[in-house]
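Enquirer: Here it is, the structure, as structure tokens.
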Amino acid sequence: AQSVTQLDSHVSVSEGTPVLLRCNYSSSYSPSLFWYVQHPNKGLQLLLKYTSAATLVKGINGFEAEFKKSETSFHLTKPSAHMSDAAEYFCVVSDLSNTDKLIFGTGTRLQVFP
Amino acid sequence: DGGITQSPKYLFRKEGQNVTLSCEQNLNHDAMYWYRQDPGQGLRLIYYSQIVNDFQKGDIAEGYSVSREKKESFPLTVTSAQKNPTAFYLCASSIGTAEQYFGPGTRLTVT
């Protein structure tokens, strides 16, 4: 069965420093992977997605993620954090038994300090 | 302006009452979904519909019901049988296996 593990429940960074949010996945096949962002009391917004094309995926707001099959990882990075990046981030994998379904990680809350 | 709308944003109900949450999309998406979000947890799938007049149970369907009479609309009813209904409810839609687009959510509080 597919699953996704977000290794940190909270990450704190200073404004202008790099961001790293870690995600490992479990899948028997090459999965589709996504990162979503959620600001407080809002819906989820797609940041980026991997669907077996280029392993380095660029998303919105300067975020990118690298698919590493050997490490079963899909970590999210950004070179320089902005105050507006403070939010909850979800790593998501598609359910290969039913590709209309998504499996969500438990989320990582990113805090950005001035 | 295309998107998904959910209403109301906040909803309060007394225990024992059924309540219906609205979800409407004008993206012409075939598939629609309802999720529940609790603090410190990821999203859990309640029900989903891939086509009008058809829907399937997700992982936590007990105590909930849905209908899909129109492509644009996928209302969720939280029944009195749902033991812990207080949560943040999110509706989403997609075209087939593509990424899902989410509405702004409804926060339901039952006392």
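Enquirer: Name the one entry in B:93, B:80 that is under 30 Å from residue A:9 (Cα atoms), touching a residue at least 40 places away in the same chain (Cβ under 8 Å) and not aliphatic (A, V, I, L, M). Explain how you work it out, then say what you get.
Expert: Numbers: B:80 fails: under 30 Å from residue A:9 (Cα atoms).
Checking each option against the conditions leaves just B:93.
Enquirer: Filter the range B:1-55 for residues that are in a loop (DSSP other than H, G, I, E, B) and charged (D, E, K, R); which is farthest from the chain's Cα centre (by Cα)?
Expert: Step by step, filter the range B:1-55, then rank; the result is B:1.
Enquirer: Considering the range B:77-93 alone, what residues qualify as being closer than 14 Å to residue B:9 by Cα, part of a strand (DSSP E or B) and away from chain A (no Cβ under 11 Å)?
Expert: Matches in the range B:77-93: B:87 only.
Enquirer: Could you say whether any residue in the range A:84-100 is under 15 Å from residue A:30 (Cα atoms), more than 10 Å from chain B (Cβ to nearest Cβ) and surrounded by 21 or more Cβ atoms within 10 Å (Cβ to Cβ)?
Expert: yes
Enquirer: Follow-up question, since we're still on this one. Give the range B:1-55 a look and list any residue that's within 30 Å of residue A:9 (Cα to Cα), of a type in the set (A, V, I, L, M, F, W, C) and touching a Lys or Arg at 6+ places or on another chain (Cβ under 8 Å), or say none.
Expert: Across the range B:1-55, the qualifying residues are B:11, B:32, B:43, B:45, B:46.
Enquirer: Which residue out of B:58, B:96 is within 14 Å of another protein chain (Cβ to nearest Cβ) and loosely packed, with under 15 Cβ neighbours inside 10 Å?
Expert: Going through B:58, B:96 in turn, the sole match is B:96.
Enquirer: Just the residues that are within 22 Å of residue A:111 (Cβ to Cβ), more than 12 Å from chain B (Cβ to nearest Cβ) and either outside any strand (DSSP E or B) or of a type in the set (S, T, N, Q) (or both), please, taken from the range A:32-69.
Expert: Hits for the range A:32-69 are A:60, A:61, A:62, A:63.
Enquirer: Quick test of your reading of the structure: residue A:51 fulfils all but one of (1) out of contact with any helix residue (DSSP H, G or I) (no Cβ under 9 Å at 6 or more places or on another chain); (2) closer than 18 Å to residue B:44 by Cα; (3) free of Cβ contacts under 8 Å to residues at least 40 places away in the same chain. Name the failing condition by number.
Expert: Failing condition for residue A:51: (2).
Enquirer: Taking residue A:29, is it away from every other protein chain (no Cβ under 11 Å), over 24 Å from residue B:106 (Cα atoms) and part of a loop (DSSP other than H, G, I, E, B)? Lay out the reasoning, then the answer.
Expert: Values: away from every other protein chain (no Cβ under 11 Å): yes; over 24 Å from residue B:106 (Cα atoms): yes; part of a loop (DSSP other than H, G, I, E, B): yes.
Criteria met by residue A:29.
So that you can scan it fast, the table gives a plain yes or no per residue for (1) farther than 28 Å from residue B:4 by Cα; (2) at pLDDT below 95; (3) in contact with a Ser or Thr (Cβ under 6 Å, 6 or more places away or on another chain); (4) of a type outside the set (Ser, Thr, Tyr):
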position: A:15; (1), (2), (3), (4): yes, no, no, yes
position: A:20; (1), (2), (3), (4): yes, no, yes, yes
position: A:25; (1), (2), (3), (4): yes, yes, yes, no
position: A:33; (1), (2), (3), (4): no, yes, no, yes
position: A:44; (1), (2), (3), (4): no, yes, no, yes
position: A:85; (1), (2), (3), (4): no, no, no, yes
position: A:91; (1), (2), (3), (4): no, no, no, yes
position: A:94; (1), (2), (3), (4): no, yes, yes, no
position: A:97; (1), (2), (3), (4): no, yes, no, no
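The values are calculated or read from the model by the stated rules, or taken from the named source; none is laboratory data. This one's a predicted model, so the numbers in the text were calculated from it and none came from an experiment. So basically every Cβ, Gly included, is an ideal-geometry build from the backbone, and we count neighbours across all protein chains shown.
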